[in-house]
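Report on the following structure.
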Amino acid sequence: MSQKCVIESVANSRLMQLFGAATFCLTALVGSAHGAVTVVVGEPYGTIGTLLPVGHTAIYLDRVCADGPVRLRMCRPNERSGVVIERLNHLRVDWVATPILDYLYGVDDPSAVTRYLEPSQVTELRENYRHQFLGVLLPGDTVDKLDRDWWESLATSYDRRMWGYQLATTRQQDEELVAMLNGAVNKHRYHLHKSNCADFAASIVNFYYPGTVKHNGISDFWLMTPKQVARSVGAYGHAHREAELRVLQFPQLLGPQRRSHAVRGASELFLKTKRYLVPLSVIQPELVLALAVVYIDQGRWDIRRGGLDGEFEVEEPWSFARHGAEPARRSEELRPN
């Protein structure tokens, strides 16, 4: 090989390296500019989840950070970003903000996530967070068991599996939402029929995409449910590909706790929950028939199959190890309803 060819080969190799480096930097910049609003639906669990298996709803904003439990701000460059905001019943505020890692795993570092914890250890994580960050809202050494719905905002992956329905947002939209929530009076508004956790999630989605989430008066008896919010987001994403719909699964971590179970709508819970179906079948069988017709017509949508290709992406703790990390795509693994 001539000296000229060697020089050209080395030069071409150097150019490819520079091009690769430039491409990497551009990809990183694009990744950091990405924003999304995600409806997080937690599967029902425990006694309440058995009696009322509709689940719980929260909102995950991946470009917004918590500035304390009742205030938001835009995340800083290179900051591990993401906050979950939700409406709970037994807090004196309308919404509370929790960093995404604390919300899912009770820690602020993905390398510190423990895959198996006893209930007492999960309680310790939550109490440590309460004493450190929630003292204004939940003062004192202990909190009454009846007021422990704040547990819904911490280390939730040990209690339940969760599903996320995500749509893209612009930075301007995120900034406007932050300004709106920070500027409004944050006082208790929870009401089961008029202003529940799903109503709050629906209002945030409708802020970004007006008119997307509406009540399903037939299937859910005009009660806003977590399933209806996720279903509406999924339908919008299917109709508007530019919204970049993604469906995420946040797995339930290991522990002695029982596994969470399927999210259901209002009419569906009467048909698929034996404690309601059996007495209704005896006392008022015509009502069961009517519920079945409603369910077949509008209630059969499965939260696990709402992705563009019927697939979902699995978010693991290491997905949050660096900003913009992409979760691995897996084939669908369904549990029976």
Leading residue by the ranking (nearest to ARG126 (Cα to Cα)) among those in the range 146-173 that are more than 13 Å from the chain's Cα centre (by Cα) and aromatic (Phe, Trp, Tyr): TRP151
message: Under 7 Å between Cβ atoms, which residue pairs at least 6 apart in sequence (or on different chains) link something in the range 106-122 that is farther than 13 Å from ARG80 by Cβ and among the hydroxyl-bearing types (Ser, Thr, Tyr) with a partner that is modelled with pLDDT of 90 or more and surrounded by fewer than 12 Cβ atoms within 10 Å (Cβ to Cβ)?
response: none
- request: Just one of (1) among the small types (Gly, Ala, Ser); (2) modelled with pLDDT of 70 or more; (3) surrounded by 12 or more Cβ atoms within 10 Å (Cβ to Cβ) trips up GLY310, so point out which.
  value: (3)
- request: Could you list, in sequence order, all residues of the range 208-226 that are buried (at least 19 other Cβ atoms within 10 Å of the Cβ), over 20 Å from ALA168 (Cα atoms) and either among the aromatic types (Phe, Trp, Tyr) or at pLDDT 85 or above (or both)?
  value: LEU223, MET224, THR225
task: Would you point out which residue out of ARG258, ARG189, ARG231 is in a loop (DSSP other than H, G, I, E, B) and over 21 Å from ASP94 (Cβ atoms)?
output: ARG258
message: What's the number of the only condition in (1) in a loop (DSSP other than H, G, I, E, B); (2) surrounded by fewer than 19 Cβ atoms within 10 Å (Cβ to Cβ); (3) at pLDDT below 90 that ASP147 fails to meet?
response: (1)
statement: If we ask which residues in the range 174-203 are within 25 Å of MET74 (Cβ to Cβ) and within 19 Å of the chain's Cα centre (by Cα), their number turns out to be 9
- prompt: Any residue in the range 143-153 that is in contact with a strand residue (DSSP E or B) (Cβ under 7 Å, 6 or more places away or on another chain) and not polar (S, T, N, Q)?
  reply: yes
statement: Conditions (1) closer than 17 Å to ASP94 by Cα; (2) surrounded by 15 or more Cβ atoms within 10 Å (Cβ to Cβ) -> GLN173 fails only (1)
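The values are calculated or read from the model by the stated rules, or taken from the named source; none is laboratory data. Not measured: the values here are computed from a predicted model. Ideal geometry is used to build each Cβ from the backbone, glycine not excepted, and the neighbour counts take in all protein chains shown.
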